[in-house]
1. Grab the Cα-Cα distance for ALA100 and LEU31, subtract it from 0.36 nm times how many residues apart they are, and report the gain in nm with one decimal.
2. Read through the labelled values (1) 63, 28, 22; (2) 69, 33, 18; (3) 40, 35, 19 and report the label of the one computed as Cα extents along the principal axes in Å from the structure.
3. Where does the chain land at 222 nm, in deg cm²/dmol rounded to the nearest 500, when only DSSP H runs of n ≥ 4 count, each adding -39500 (n - 2.57), divided by all residues?
4. Tell me, what % of the accessible area of segment 69-113 is carbon and sulfur with a 1.4 angstrom probe?
5. Would you mind getting the accessible area per residue of the chain, heavy atoms of the protein chains only, 1.4 Å probe, in Å²?
6. ALA18 label point, 7 Å along Cα→Cβ, cut-off 19 Å on backbone N: hits in segment 69-96?
7. Hey, what did the chain get for relative contact order, percent, Cα under 8 Å, at least 6 apart?
8. With +1 on each Lys and Arg Cβ and -1 on each Asp and Glu Cβ, and nothing else charged, work out how big the dipole of segment 16-80 is about its Cα centre, in Debye to the nearest 20.
Amino acid sequence: MLRILDRSATSSLVGKTAVYLASAASAAVGLGSLAILQAERDAHGANITTFGDAVWWACETVTTVGYGDRYPVTFQGRFIAILLMLVGIGLIGTVTATVAATILARVESKPPSD
């Protein structure tokens, strides 16, 4: 799938990075949703008990929004949350670095104006 997406993306670094980030975010949300649902579904006091709740929680966690309406109550769920937060922070950092690198490359390629 990545090969197909890589071919359809632009040849620029930004285009490729966008494809990889979208793929990584989708995989993180999907796997995080399944993992948190497995860990929390039957736990006492759990508020992530359906797949819809799990997807919502994973989306808000990977984007580092964290509304607090859904949260893990088990050790396994909290460990999954930590991993998903680290993935989200990494994705945001990658976007920031890519934009900064693109801007710097454009500035460096312009001839100095006197």
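The values are calculated or read from the model by the stated rules, or taken from the named source; none is laboratory data. Quick caveat, the model's predicted, so the values are computed rather than measured. Note: ideal-geometry Cβ built from the backbone for every residue, glycine included; neighbour counts use all protein chains shown. Just the protein is used for accessible areas: all its heavy atoms, side chains included, with ligands, DNA and RNA removed. Shrake-Rupley method; radii C 1.70, N 1.55, O 1.52, S 1.80 Å.
1. Fully extending the segment from ALA100 to LEU31 adds 21.9 nm.
2. (2)
3. Details: 4 runs with 82 residues, N = 114.
Mean residue ellipticity at 222 nm (helix-derived): -25000 deg cm²/dmol.
4. Details: 2410 of 3340 Å².
Carbon-and-sulfur percentage of accessible area, whole number: 72.
5. So the chain comes to 68 Å² accessible per residue, rounded to a whole number.
6. 91-96
7. On the way: 105 pairs, mean separation 28.2, N = 114.
Normalised by residue count, the contact order of the chain is 25 percent.
8. Approximately 220 debye in magnitude.
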